[in-house]
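Shown next, in structure tokens, is the structure this report addresses.
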Amino acid sequence: MRRCVLAGPPVVIGLAGYIRGRRTTGLDLRVDRAVHDVLTPLAPALERVVALASPLHTLLACLAVAAVTAVRRRREPGHLAFVCVAGPVLALAVTGVLQQALARPSAAVPWSVGAFPSGHATGAWSLFAVTVLVTAPAVRTRPNDVLRGLSRLATLVLALALSLALVAGRDHYLTDVVAAAAVSLAAVSLVALLAGRVRPAVSAGSAPGSTLTSDDRWGRRRLDRTRGHL
């Protein structure tokens, strides 16, 4: 997470400086032509992906992840539910500020500004980030590896497919979706780090009279069983 927090801002600032004052760049045009030519036959499917993965829909998906996490609060740290909501909201807020500040025209509609970063891509990559966070082994004591892997893969495929669809449909340039991914990963990681610092620390080795979480009790029972076999 710290790597995302440290790497995200330089990527976004570098791309913003790269495209500032220019509608597009040579790199954007080359990628735009290549992706558009290859994926044009899939245009109807790509349009459905863009409609499905709107910022509102992906934010609602993050809220659903937060609700599931809150229900499972006995087995998972409660601060994760907060991160699942606050992280994407922060990412979308930063995206909105950058869109207004840079006022980059859309690839397909020159008179429409606010293309950098992509709001659609920000939502999708935020959903991927919270999914990775919630399904991290350090968070879920006894994870289902298959379900965890499928959840991560599904959200990653959605984020990649949406990014390609936005470029292929000429709604955004490559730099727009790359900046959106950087903003999303950095914002969610930052909120997770801050929330992890302020949440109460309860461990199996805490002071007498303290309350153990279900993770602590399960870990202690597992340790006791392990000692019994020695």
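Net charge within 12 Å of Ala186 by Cβ-Cβ distance, Lys/Arg positive one each and Asp/Glu negative one each, not counting Ala186 itself? Net charge in that neighbourhood comes out at +2. Placing dummy labels 7 Å off each Cα toward the beta-carbon, the span from Val146 to Val113 is 5.3 nm. Length gained on full extension, Ala136 to Thr25: 36.2 nm, using 0.36 nm per residue less the C-alpha separation. Each of Tyr173, Tyr18 was scored by other Cβ atoms within 10 Å of its Cβ. Listed from fewest to most, they are Tyr18, Tyr173. According to the square roots a ≥ b ≥ c of the eigenvalues of the Cα gyration tensor, what is the shape class of region 2-199, taking rounded for a/c under 1.5, prolate for a/b larger than b/c otherwise, and oblate for the remainder? Prolate shape, in that a/c is at least 1.5 and a/b is the bigger ratio.
Where a number appears in this text, it was derived from the coordinates with a stated rule and is not lab data. The shown structure was predicted, so the numbers you read here are calculated from the model rather than taken from an experiment. We place every Cβ from the backbone using ideal geometry, glycine too, and count neighbours over all the protein chains shown.
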